[in-house]
Amino acid sequence: MTSDTAAADRTGTDFEIFIVTAPGLESVLCAEVKAKGFRDATAIKGGVTIRGGWPEVWRANLELRGATRVLARVASFRAFHLAQLDKRARRVPWAEFLRPDVPVRVEASCKGSRIYHAGATAQRIERAITEELGAPISAEAEVSIKARIDDDLCTISVDASGESLHKRGHKEEIHKAPLRETLAALFLHHCGYDGTEPVVDPMCGSGTFVIEAAEIAAGLHPGRSRRFAFEQLASFDDAAWQAMRSAGGNAQTPTFRFYGSDRDGGAIAMSRANAERAGVAALTDFQKHAVSDLMPPPEGPPGLVIVNPPYGARIGEKKPLFALYGALGQTLLSRFSGWRVGLVTNEASLAQTTGLPFQPSGPSVSHGGLRVTLHSTAALP
């Protein structure tokens, strides 16, 4: 979609859609995107591209668990100087996707281009929007236009998500060092979880892994309870969107439950409240006890134990954690034969302390300012 006229497909039915994810997890998200049936899914740095129209934009926001946000790439053009940028930005068919009565904000970035001033870039595009369409500019606007100039190519995208997609609308209470729902979903996916087996988290915190696993098993869409920025766009069709939402997922009731435990009673109370808001309280079981008291669930086949334990750099000193990780490994090796294990930590030495037979390290991603890595096993002997 590159031309001097900056035109997107005027039918609005086929353009590039960029699905953002945590760097390092692009291939995992791409597998999810393909499994959901989106067209031309390609993993690139920072996310996955697909092709489609506005219904695909809506569906990506509604259904994709590993997506951070969804950007509709509505126009692109070459711009070698600000006057050219101004002229070509005015040719973008703003009225096809923006409403003149809805405020807009513009964010710009420039890399390896003759136009190098992001602030001036944003100003030119803001002026094009206000003078050609009449929409007001506001730094607090829910609708965001993202302009990126890379190697003199200006790409105009609409942020269709608004708030980050990890905000499902269910987790009002969080424990210390919470894992984002999007990361939890991608780690579950990387461990081979598909909703057909039980999941246990022996250090459940706010219950993220357990709740995410239960939602997947129940066929619930992650975006079912929240609103999105695309609902404020001119391209939005409320009747079609309501039909898409009401269609729901492949709703089903698992024959087993999902278990979380923690030695912190406050964490258990948070997890139960979060599961209630997510509508999966009946599928989950949260209990207060130590790792050493962990037992396999009484029903269901062997499944996945997945855990995001404390890291020395964040919650406590690292030295006492070696005993905790050692106890976790001993418990799993002695009681969880046939189960797979996924463990997230920022220290390979802590993972090794468990004595678990980890496969080569999985994705390494940024979490709370630290680089954390997913370590996983095959079925334990």
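The set of residues from the range 210-240 being within 17 Å of Val33 (Cα to Cα) and either open to solvent by 40 Å² or more (accessible area, probe 1.4 Å) or free of Cβ contacts under 8 Å to residues at least 12 places away in the same chain (or both) comprises Ile216, Leu220.
Taken as a whole, the range 311-319 holds at least one residue that is within 18 Å of Phe209 (Cβ to Cβ), buried (at least 20 other Cβ atoms within 10 Å of the Cβ) and at pLDDT below 95. Do you know which residues across the range 180-209 are crowded, with 24+ Cβ neighbours inside 10 Å, acidic (Asp, Glu) and over 13 Å from the mean Cα position of the chain (by Cα)? Once the filter is applied, which keeps residues that are crowded, with 24+ Cβ neighbours inside 10 Å, acidic (Asp, Glu) and over 13 Å from the mean Cα position of the chain (by Cα), the range 180-209 yields only Asp201. Of all residues in the range 336-381, those satisfying the criterion of being within 17 Å of Tyr325 (Cα to Cα), touching a residue at least 40 places away in the same chain (Cβ under 8 Å) and not in a strand (DSSP E or B) are Phe336, Leu350, Leu380.
Condition check ((1) touching a strand residue (DSSP E or B) at 6+ places or on another chain (Cβ under 7 Å); (2) under 30 Å from Pro222 (Cβ atoms)) across all residues:
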{"position": "Arg78", "(1), (2)": "yes, no"}
{"position": "Val92", "(1), (2)": "yes, no"}
{"position": "Leu98", "(1), (2)": "yes, yes"}
{"position": "Gly112", "(1), (2)": "yes, no"}
{"position": "Ala120", "(1), (2)": "no, no"}
{"position": "Gln123", "(1), (2)": "no, no"}
{"position": "Pro136", "(1), (2)": "no, no"}
{"position": "Asp150", "(1), (2)": "yes, no"}
{"position": "Asp159", "(1), (2)": "yes, yes"}
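Close contacts from the range 91-102, counting a first residue that is touching a residue at least 40 places away in the same chain (Cβ under 8 Å) and assigned to a helix (DSSP H, G or I) and a second that is among the small types (Gly, Ala, Ser) and open to solvent by 10 Å² or more (accessible area, probe 1.4 Å), with Cβ to Cβ under 7 Å and a gap of 6+ residues or different chains, come to Ala95/Ala234; Glu96/Gly12; Glu96/Ala234; Glu96/Ser235. Restricted to helices (runs of 4 or more DSSP H) entirely inside the range 169-286, no element has at least 3 residues that are within 30 Å of Leu324 (Cα to Cα) and polar (S, T, N, Q). Taking the stated definitions as given, is Arg88 touching a Ser or Thr at 6+ places or on another chain (Cβ under 9 Å), in a helix (DSSP H, G or I) and of a type in the set (D, E, K, R)? Taking the combined requirement at face value, the residue satisfies it. Any residue at all in the range 122-130 that is at pLDDT 95 or above, in a strand (DSSP E or B) and surrounded by 15 or more Cβ atoms within 10 Å (Cβ to Cβ)? No, the conditions are met nowhere in the range 122-130.
If I filter the range 24-37 for residues that are at pLDDT below 95, farther than 19 Å from Glu163 by Cβ and assigned to a loop (DSSP other than H, G, I, E, B), do I get at least one hit?
Yes, there is a match, as at least one residue in the range 24-37 is at pLDDT below 95, farther than 19 Å from Glu163 by Cβ and assigned to a loop (DSSP other than H, G, I, E, B).
Considering each of Ala31, Ala83, Ala95, Ala75 in turn, give the residue that is out of contact with any helix residue (DSSP H, G or I) (no Cβ under 6 Å at 6 or more places or on another chain) and over 20 Å from Thr155 (Cα atoms). Let's see the steps before the verdict.
Details: Ala83 fails: over 20 Å from Thr155 (Cα atoms); Ala95 fails: over 20 Å from Thr155 (Cα atoms); Ala75 fails: over 20 Å from Thr155 (Cα atoms).
Result: Ala31 is the single residue among Ala31, Ala83, Ala95, Ala75 that is out of contact with any helix residue (DSSP H, G or I) (no Cβ under 6 Å at 6 or more places or on another chain) and over 20 Å from Thr155 (Cα atoms).
Among residues of the range 75-87 that are under 26 Å from Arg51 (Cα atoms), those with a beta-carbon under 9 Å from a residue that is among the acidic types (Asp, Glu) and assigned to a helix (DSSP H, G or I) at least six positions away or on a different chain give the pairs Ala79/Asp86. Note on the range 104-122: residues that are under 30 Å from the mean Cα position of the chain (by Cα) and closer than 16 Å to Lys87 by Cα total 2.
Exactly one residue among Val20, Val92, Val102 is modelled with pLDDT of 95 or more, out of contact with any Asp or Glu (no Cβ under 6 Å at 6 or more places or on another chain) and open to solvent by less than 10 Å² (accessible area, probe 1.4 Å), and that residue is Val92.
Among residues of the range 125-148 that are more than 13 Å from Ala95 (Cβ to Cβ), those with a beta-carbon under 7 Å from a residue that is crowded, with 17+ Cβ neighbours inside 10 Å and among the polar types (S, T, N, Q) at least six positions away or on a different chain give the pairs Glu142/Gln232; Val143/Gln232; Lys146/Ser157; Ala147/Thr121; Arg148/Thr155. Being farther than 18 Å from His170 by Cβ, in contact with a helix residue (DSSP H, G or I) (Cβ under 8 Å, 6 or more places away or on another chain), at pLDDT 95 or above and aliphatic (A, V, I, L, M) is a property that holds for Ala327.
The values are calculated or read from the model by the stated rules, or taken from the named source; none is laboratory data. Being a predicted model, the structure only gives us computed values, none of them experimental. When we count neighbours, we look across all protein chains shown, and the Cβ atoms used for this are built from the backbone with ideal geometry, even at glycine. For the accessible areas, the whole protein counts, side chains as well, though only heavy atoms, and no ligand, DNA or RNA atoms are used. Shrake-Rupley method; radii C 1.70, N 1.55, O 1.52, S 1.80 Å.
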